[in-house]
Amino acid sequence: MPLIVIAEDEFLIADVLTIMLEDAGYEVAAASHGKAALTLVREKRPSLVITDFMMPLMTGLELAQAMRADGELAHIPVMLVSGAQGSIGRAHPDVFDAVLDKPYNEKKLLETVSRLLS
């Protein structure tokens with residue numbers, strides 16, 4: 001079962017996303033900011049990272065850039081899920097493999113996850 005790391009500082013959104021992904025058959029580890037997510041990624045080597053943009057300590061962009069700069073993590077797909085910063089994510093196709101705008105459709109999110117994991 002693929003492991004997905006979620007970086008999301010809004011607890012309710014992280015919880016809903018976790019339940020959605022677990023119901024779809026994925027293992028999930030969640031972090032409340034990018035710095036904690038980077039630690040999880042280094043420890044657990046997930047199949048995918050889903051990140052918000054605006055978070056304390058380290059933004060989703062900084063998380064993705066840190067992963068791309070690390071030869072052992074650079075291959076892991078990163079999906080940005082953001083309310084207002086989707087355009088910033090789309091301007092960085094070198095670090096984000098997919099960008100979804102909040103509020104997102106569950107079916108679209110799961111289809112994107114499946115595509116990134118295949």
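The values are calculated or read from the model by the stated rules, or taken from the named source; none is laboratory data. Computed from a predicted model, the values in this text were never measured in an experiment. In this analysis, Cβ positions are derived from the backbone assuming ideal geometry, glycine residues included, and neighbour counts consider all displayed protein chains.
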Practice item. Taking residue 101 as meeting all but one of (1) out of contact with any Gly (no Cβ under 8 Å at 6 or more places or on another chain); (2) surrounded by fewer than 19 Cβ atoms within 10 Å (Cβ to Cβ), write down the number of the exception. Key: (1)
Exercise for review: Kindly state which strands (runs of 3 or more DSSP E) lie completely within the range 13-108 and contain at least 2 residues that are closer than 25 Å to residue 1 by Cβ and β-branched (Val, Ile, Thr).
Suggested key: 48-51, 78-82
Point to revise | Selection within the range 16-31 - in contact (Cβ under 8 Å) with a residue 12 or more places away in the chain and more than 17 Å from residue 66 (Cα to Cα) | key: 17, 18, 20, 21, 24, 25, 26, 27, 28, 29, 30
**Study point:** Any hit, the range 88-104, residues being hydrophobic (A, V, I, L, M, F, W, C) and over 13 Å from the mean Cα position of the chain (by Cα)
**Key:** yes
Check your understanding: Can you tell me which residue in the range 1-36 is nearest to the chain's Cα centre (by Cα), limited to those that are more than 19 Å from residue 105 (Cβ to Cβ) and of a type in the set (Asp, Glu)?
Key -> 9
Check your understanding: What is the number of the single condition among (1) closer than 21 Å to residue 112 by Cα; (2) at pLDDT 95 or above that residue 83 does not meet?
Key -> (2)
Check your understanding: Within the range 1-10, is even one residue in contact with a Gly (Cβ under 7 Å, 6 or more places away or on another chain) and among the aliphatic types (A, V, I, L, M)?
Key -> yes
Revision key, fill the gap. How many residues of the range 4-50 are farther than 15 Å from residue 116 by Cα and hydrophobic (A, V, I, L, M, F, W, C)? The answer is 18
Point to revise | Of all residues making up the range 41-93, the number that are in contact with an Asp or Glu (Cβ under 8 Å, 6 or more places away or on another chain), surrounded by fewer than 19 Cβ atoms within 10 Å (Cβ to Cβ) and either of a type in the set (Phe, Trp, Tyr) or under 18 Å from residue 108 (Cα atoms) (or both) | key: 2
Review point. Can you pull out the residues in the range 1-12 that are surrounded by fewer than 18 Cβ atoms within 10 Å (Cβ to Cβ) and outside any helix (DSSP H, G or I)?
Key: 1, 2, 3, 9, 10
Check your understanding: Of the conditions (1) free of Cβ contacts under 8 Å to residues at least 40 places away in the same chain; (2) in contact with a helix residue (DSSP H, G or I) (Cβ under 9 Å, 6 or more places away or on another chain), residue 112 fails just one. Which one is it?
Key -> (2)
**Study point:** Given (1) in contact with a Pro (Cβ under 9 Å, 6 or more places away or on another chain); (2) in contact (Cβ under 8 Å) with a residue 40 or more places away in the chain, index of the condition residue 97 fails
**Key:** (2)
